[in-house]
Amino acid sequence: MVSNSLASSQLYLKYRPLVASTVKPEIKIGAFYPSLSAENTALGWLSPHFLSNSAINSWIGEELRVGGIEASIRQNGRQVNSPWSWKLLGSVFKGNDTTGTLIAWRGFALHDRQSLYNERVNFLPIPWVVSEEGFNAPAWTEPFREIDKRVGYYIGAHAAYKRQYEVKYYFYDNRADPNVLDSDRLYAWRTRFHSFTAKHQVSTNITVFAQAMAGNTIMGDNIINNDFYSAFLATAYTVRSFTHSARVDWYHVIDKDDQPNDPNASQGQAITLNTTYQINDYASVSGEWQWNNGRQANLAFFQPTETFSENTIQLAFTLRY
């Protein structure tokens, strides 16, 4: 990724008016992530348990940010003597027209990167993508660019039982016109998905959480048509100043179009293990190992096989204020 100027990952205002009702409204305006992640819950959309994100949230960090307005209503169960709390929300936004590009032409990945506004994300120059005989498109995308001037939306619902269980559901649709492209030959991609998350606080020191996503992205008049699926299951165990976390990932992109020169199918699985030592309220040290293994059809243009296998070890010292 190459940044051409000073940029941000999120910038928004949140307004919570004081009302007498137990049902509270809230308005958020600006550029932000939908609150659909099961793992990226810390300040700055970071994960409190892992250095690298799941396949789902790695993709969200790279390609999904909304510039618009979100309105919600919520009720805290304690205010009405109920074990249940809930929240309903909806958003309209512009931008995110190229969302889906990386799923098709790069596939899912696992990392900790968050794209900034005005930033390009590069991918391998797939011959049919970059050639004049093919799509004549660049080997990069700008994830938050507005191309077709259409408004996208998402809706969501949260429910929590005491502080033991929490579930979330989101439906996202950027409503992009897949037949529109701009002067840089970046297409708008019509991308829609369902996201489900669940969290269970088993005890004071054991948490289990999971997320699943199913969606579709289309570019052109069915030139590219991909279904995509991903899920992970994770757990975190805290004892004294140590937190030990484990996550299992699965992801799959199904190529449904009839374009033999541009294969988009991919699938894989990953295991991530992390141990973090909390030095104090602000500083921590982490060690993480990750194994990521799979198959991606367009890798055959750049190496002898479509398969890949990665082992990554990371050490990090983190300061958070």
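The values are calculated or read from the model by the stated rules, or taken from the named source; none is laboratory data. Just so you know, these numbers come straight off a predicted model, no measurement behind them. So basically every Cβ, Gly included, is an ideal-geometry build from the backbone, and we count neighbours across all protein chains shown.
Report, by residue number, each residue of the stretch 279-310 that is of a type outside the set (A, V, I, L, M, F, W, C) and touching a residue at least 24 places away in the same chain (Cβ under 8 Å).
The answer is 282, 284, 286, 287, 288, 290, 292, 293, 294, 295, 296, 298.
Of the numbered conditions (1) in a strand (DSSP E or B); (2) buried (at least 17 other Cβ atoms within 10 Å of the Cβ); (3) modelled with pLDDT of 95 or more, residue 36 satisfies every one except a single condition; which is it?
(1)
(1) touching a helix residue (DSSP H, G or I) at 6+ places or on another chain (Cβ under 6 Å); (2) within 30 Å of residue 206 (Cα to Cα): which one isn't true of residue 231, the others all being true?
Evaluating residue 231 over (1) touching a helix residue (DSSP H, G or I) at 6+ places or on another chain (Cβ under 6 Å); (2) within 30 Å of residue 206 (Cα to Cα) leaves (1) as the failure.
So, restricting to strands (runs of 3 or more DSSP E) that lie completely within the stretch 84-191, which ones have at least 3 residues that are within 28 Å of residue 232 (Cα to Cα) and of a type in the set (Gly, Ala, Ser)?
Qualifying strands (runs of 3 or more DSSP E): 84-94, 152-161.
Restricting attention to the stretch 212-243, and to residues there that are of a type in the set (S, T, N, Q) and within 19 Å of residue 100 (Cβ to Cβ), which single residue is surrounded by the fewest Cβ atoms within 10 Å (Cβ to Cβ)?
Residue satisfying both the conditions and the ranking: 222.
Which pairs do you get when a residue that is free of Cβ contacts under 8 Å to residues at least 60 places away in the same chain, found in the stretch 109-127, comes within reach of a residue that is surrounded by fewer than 20 Cβ atoms within 10 Å (Cβ to Cβ) and part of a loop (DSSP other than H, G, I, E, B), reach meaning Cβ atoms under 8 angstrom, with the pair 6+ apart or on two chains?
123/139; 125/139
Quick test of your reading of the structure: residue 182 fulfils all but one of (1) more than 24 Å from residue 70 (Cβ to Cβ); (2) surrounded by fewer than 17 Cβ atoms within 10 Å (Cβ to Cβ); (3) in contact (Cβ under 8 Å) with a residue 60 or more places away in the chain; (4) not polar (S, T, N, Q). Name the failing condition by number.
Going through the list (1) more than 24 Å from residue 70 (Cβ to Cβ); (2) surrounded by fewer than 17 Cβ atoms within 10 Å (Cβ to Cβ); (3) in contact (Cβ under 8 Å) with a residue 60 or more places away in the chain; (4) not polar (S, T, N, Q), residue 182 breaks only (3).
Condition test on residue 102, is it surrounded by 20 or more Cβ atoms within 10 Å (Cβ to Cβ) and either under 21 Å from the mean Cα position of the chain (by Cα) or of a type in the set (Val, Ile, Thr) (or both)?
Considered against the rule, which asks whether it is surrounded by 20 or more Cβ atoms within 10 Å (Cβ to Cβ) and either under 21 Å from the mean Cα position of the chain (by Cα) or of a type in the set (Val, Ile, Thr) (or both), residue 102 comes out as yes.
Please work out which residue is surrounded by the most Cβ atoms within 10 Å (Cβ to Cβ), limiting yourself to the stretch 277-316 and to residues that are within 18 Å of residue 123 (Cβ to Cβ) and of a type in the set (A, V, I, L, M, F, W, C).
Per the criteria, the residue is 299.
Do we find that residue 9 is modelled with pLDDT under 95, touching a Leu at 6+ places or on another chain (Cβ under 6 Å) and surrounded by fewer than 20 Cβ atoms within 10 Å (Cβ to Cβ) in this structure?
Taking the combined requirement at face value, the residue satisfies it.
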